[in-house]
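Participant: Starting off with a structure, shown below.
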Amino acid sequence: ESCSSSSVHVRLQQSVRNVLKPFVRDKHYLQPFQLSPETLQEVSARLRKDLLRGLGKHSHHKAPVKMLPTFVRATPDGTEKGDFLALDLGGTNFRVLHVRVEEEAQKVLKMDSQICAIPQEMMLGTGEQLFDHIATCLGDFLESHNLKCQTLPLGFTFSFPCEQLEIDKSILIRWTKGFNCSGVEGKDVVQLLKEAIQRTGDYHIGSVAMVNDTVGTMMSCGYKDQSCEIGMIIGTGTNACYMEEIKNVKRIEGEDGRMCINTEWGGFGDDGSLDDILTEFDVEVDKTSINPGVHIFEKMISGMYLGEIVRLVLVKMTKDKLLFKGQISEALGTSGRFETKFISEIEDGLENAKKILTELGLDWGLVDASVVCLVCDTISSRSAYLCAAALATLVNRIRNNRKLDHLKTTVGVDGTVYRKHPTFSSKLQKAVRLLAPQCDITFLVSEDGSGKGAAMVTAVAQRLAHQSRLLEEKTVYILTPYLQKH
Ligand code: BGC
């Protein structure tokens with residue numbers, strides 16, 4: 001039985017109350033994680049203001065939510081086709097893929113793919129080492145799949161905040177999610193990749209399109225459902241993109257049409273705007289992270305941090321002699337040892353909880369296991385509700401932009417937390433309905449947005465480039481007789 005189902009929930013709460021009543025001072029443990037609907041509405045309203053700051057010409061540079069233009073102006077129209085390479089860096093694994101987009105079958109096929117591990121030291125080493133490793137992995141992949149003699153276009157899913165100047169020029173603003181390679185922030189990532197490939201002296205690639213994973217996710221769903229105009233990730237990190245009216249993006253010239261904006265909502269709260277809802281555990285997680293003070297919202301929500309928040313709560317309860325007979329095992333006392341995937345497993349059933357607690361070397365009883373279950377449920381629920389508040393802000397904004405009473409739209413979603421947790425998606429969806437009652441949202445789990453989606457973005461970029469080239473040729477053709485006469 002799932003530990004968040006209501007009967008178990010009531011039973012858990014009773015166990016906590018009855019057995020731990022003399023000890024549990026709620027406000028010191030779980031109560032600060034429980035956000036009321038009014039608080040969530042307030043969070044959503046604060047994000048609404050921050051979206052405007054990020055879009056503004058003069059407010060942008062100081063805005064915690066960056067609202068980055070992606071230069072993606074169109075979703076797929078079904079005429080895209082061809083073979084592509086894709087690189088995917090910034091999620092659980094680094095991957096290299098060969099993807100085929102078929103026009104007739106309206107299909108995106110993953111031909112082959114390969115996962116390359118990025119060792120922890122490399123995540124904290126020099127940029128040159130990281131990009132050399134990427135170039136070598138790509139070279140090995142091309143070699144083993146007999147693709148070395150072709151020059152294929154490449155979609156690079158690089159899931160970090162980047163100031164994109166063109167589709168193939170993208171400056172890393174800062175690392176997130178445990179990466180911190182020197183000499184990359186402030187540089188053009190496409191250039192660094194190309195230089196590393198040149199250093200191998202071994203193969204060539206065609207044109208490059210830089211893609212954030214949220215954009216790849218939106219585009220991979222957009223191939224199936226044309227009304228997909230939001231992409232959301234709740235995995236190692238969290239973020240979302242959506243189609244904004246160009247006239248509202250004050251840093252871009254032009255009045256007509258839409259552009260996909262990478263919100264980088266993980267940075268929400270970096271100016272202190274969420275301080276009143278942060279718990280002592282959030283503050284600790286931030287302090288001990290490799291990027292203190294930044295991506296505050298992400299640290300309350302995403303897979304990189306949820307396990308650690310749970311661990312810190314359990315450690316405090318144990319120190320206060322409320323759990324495990326007051327004995328902290330070595331594993332529980334070590335940061336990073338309580339993995340986020342344990343939360344999903346524990347909430348999936350009490351039996352899993354018992355197994356995991358044993359593996360963590362803890363001397364547990366039934367009440368301990370139930371309390372751990374409740375702690376996991378409280379912290380994962382807060383994550384789902386905060387995401388719901390943020391998503392509600394986006395759909396409400398799209399509805400207002402289009403002056404609609406009612407908006408029907410689709411959100412493409414990906415990420416391990418959303419996919420793997422037993423109740424996360426249903427809690428999120430229920431809360432969004434409450435917070436955005438005039439929006440009717442379909443949720444589509446993306447099928448490999450970071451791989452196939454990246455190929456799709458590259459294909460759309462090529463289609464648009466091809467169209468504009470045709471226009472230029474036409475212009476030359478029209479102008480030639482005129483030029484000859486004068
Ligand atoms: C990055 C985003 C990314 C998100 C999800 C965040 O840490 O800043 O660019 O989309 O993680 O992977």
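The values are calculated or read from the model by the stated rules, or taken from the named source; none is laboratory data. Keep in mind that what you see is a predicted model, and the values were worked out from it rather than measured. A quick note on method: Cβ atoms are made from the backbone with ideal geometry, for glycine too, and the neighbour counts reach across all protein chains shown. These accessible areas exclude ligands, DNA and RNA; they are computed on the full protein's heavy atoms, side chains included. Shrake-Rupley method; radii C 1.70, N 1.55, O 1.52, S 1.80 Å.
Participant: Pick from region 151-164 the residues that are in a loop (DSSP other than H, G, I, E, B) and out of contact with any helix residue (DSSP H, G or I) (no Cβ under 8 Å at 6 or more places or on another chain): which of them is nearest to the ligand (Cβ to nearest atom)?
Facilitator: Per the stated criteria, the residue is F160.
Participant: Can I ask one more? So T334 fits all but one of (1) more than 24 Å from A384 (Cα to Cα); (2) within 16 Å of the ligand (Cβ to nearest atom); what number is the exception?
Facilitator: For T334, the failing item is (2).
Participant: Does K341 satisfy the condition of being in contact with a Gly (Cβ under 8 Å, 6 or more places away or on another chain), assigned by the TED database to the domain that holds R311 and open to solvent by 40 Å² or more (accessible area, probe 1.4 Å)? Before the answer, list the steps.
Facilitator: Working: in contact with a Gly (Cβ under 8 Å, 6 or more places away or on another chain): yes; assigned by the TED database to the domain that holds R311: yes; open to solvent by 40 Å² or more (accessible area, probe 1.4 Å): yes.
Answer is yes for this residue.
Participant: Given the condition surrounded by fewer than 16 Cβ atoms within 10 Å (Cβ to Cβ) and basic (K, R), answer yes or no: does some residue in region 165-187 qualify?
Facilitator: yes
Participant: Turning to a different aspect of this structure: Collect the residues in region 426-443 that are out of contact with any Phe, Trp or Tyr (no Cβ under 6 Å at 6 or more places or on another chain), of a type in the set (A, V, I, L, M) and open to solvent by less than 30 Å² (accessible area, probe 1.4 Å), keeping them in residue-number order.
Facilitator: L428, V432, L435, A436
Participant: Just the residues that are touching a residue at least 60 places away in the same chain (Cβ under 8 Å), open to solvent by 10 Å² or more (accessible area, probe 1.4 Å) and not in a strand (DSSP E or B), please, taken from region 79-103.
Facilitator: The answer is T79, K81, G91, T92.
Participant: Look at region 224-236 and say how many of its residues are open to solvent by less than 10 Å² (accessible area, probe 1.4 Å) and either part of a loop (DSSP other than H, G, I, E, B) or hydroxyl-bearing (S, T, Y) (or both).
Facilitator: Qualifying residue count for the region: 1.
Participant: Within region 406-421, which residues are in a helix (DSSP H, G or I), of a type in the set (D, E, K, R) and within 14 Å of the ligand (Cβ to nearest atom)?
Facilitator: Matches in region 406-421: R419 only.
Participant: Further, regarding this structure: Can we say N212 is at negative phi, within 16 Å of the ligand (Cβ to nearest atom), open to solvent by 20 Å² or more (accessible area, probe 1.4 Å) and of a type outside the set (D, E, K, R)? Can you show your working first?
Facilitator: Values: at negative phi: yes; within 16 Å of the ligand (Cβ to nearest atom): yes; open to solvent by 20 Å² or more (accessible area, probe 1.4 Å): no; of a type outside the set (D, E, K, R): yes.
Judged against the criteria, N212 is not a match.
Participant: Could you check region 250-323 for helices (runs of 4 or more DSSP H) lying wholly inside it with 3 or more residues that are among the charged types (D, E, K, R) and either more than 16 Å from the ligand (Cβ to nearest atom) or closer than 24 Å to F71 by Cβ (or both)?
Facilitator: The qualifying helices (runs of 4 or more DSSP H) are 280-288, 303-319.
Participant: Can I ask one more? State which residue is nearest to the ligand (Cβ to nearest atom) when the search covers only region 82-104 and only residues that are under 15 Å from S207 (Cβ atoms) and small (G, A, S).
Facilitator: Taking the candidates together, the pick is A86.
Participant: Then there's this: Hey, could you check region 388-425 for residues that are touching a strand residue (DSSP E or B) at 6+ places or on another chain (Cβ under 6 Å) and within 22 Å of I346 (Cβ to Cβ) and say which is surrounded by the fewest Cβ atoms within 10 Å (Cβ to Cβ)?
Facilitator: Result: Y418.
Participant: Please work out which one of (1) at pLDDT 95 or above; (2) open to solvent by 20 Å² or more (accessible area, probe 1.4 Å); (3) more than 17 Å from W175 (Cα to Cα); (4) among the β-branched types (V, I, T) is the condition T318 fails and give its number.
Facilitator: The number of the failed condition is (2).
Participant: Test of understanding: among L193, L130, L154, which residue is over 30 Å from K299 (Cα atoms), crowded, with 20+ Cβ neighbours inside 10 Å and not polar (S, T, N, Q)?
Facilitator: None of the others qualify; the one that does is L154.
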